[in-house]
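Chemist: Quick one: structure below, then a few questions.
Just so it is clear, none of the values below were taken in a lab; they were calculated from the coordinates. Everything numeric in this text was worked out from a predicted model, so none of it was measured. No Cβ is skipped: glycine too gets one built from the backbone with ideal geometry, and neighbour counts run over all protein chains shown.
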Amino acid sequence: MNSEKLTGTAIRFVLNDAAFAFRDIQDRIIDGGLTRIYSWVIASFIKDGKLPSPVNDLPWPVSFTRPLSITVDQTRVSSAEIQLLQNSLLTYADFWNARGKDWREELRQHAKEEQFLDELSKETGVSVNRLRALPAGSASIQEPAPEPETEQTARAA
């Protein structure tokens, strides 16, 4: 196959197909390996007396987070996620779990940073909006302008 002749739609299809394959492999690793290893380690610790035996369910729940899916349109995906968060259609838990982070810790850190910005603004007299890297309520990430068509891309089409 000549990859130079692939259009944006074809590239998206190939990446979507690859992402599906990666998710399948991740599911097999998590369900077939990591979960079993975790259960074995916990059982070993209980057997060796390093952990108390649970009364009902395991008191040490575990979950595994997959990395973000591959995409050719990271800007579009990021803008969509921002809009979903702003409209409460995506939870903080889902957003941060996709990045391998605990949403509670991330929100706690964000609150600390906001508190620091408020204190620094009072201390220096510089407005909070000028201290922020991106002011609150600023437009979401913009799509990059399309690259001008070159002779080579015109021939490939």
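Chemist: Would you calculate the separation in nanometres between label points at Ile30 and Thr91, each defined as 7 Å from the Cα along the Cα-to-beta-carbon direction?
Modeler: Distance between label points: 1.4 nm.
Chemist: The range 84-119 to the range 28-65: how many Å between their Cα centroids?
Modeler: Taking the Cα centre of the range 28-65 as reference, the centre of the range 84-119 is 28 Å away.
Chemist: Between Glu106 and Thr65, what is the spin-label point distance in nm, taking each point 7 Å from the Cα along the Cα→C-beta axis?
Modeler: Between Glu106 and Thr65, the simple spin-label model gives 0.6 nm.
Chemist: Just the ratio, please: alpha-carbon radius of gyration of the range 1-62 over 2.2 N^0.38 Å, N its number of residues.
Modeler: Normalised Cα radius of gyration, the range 1-62: 1.99.
Chemist: Another question, then. Three principal axis extents, largest first, for the C-alpha atoms of the range 73-134, in Å?
Modeler: Result, largest extent first: 39, 24, 19 Å.
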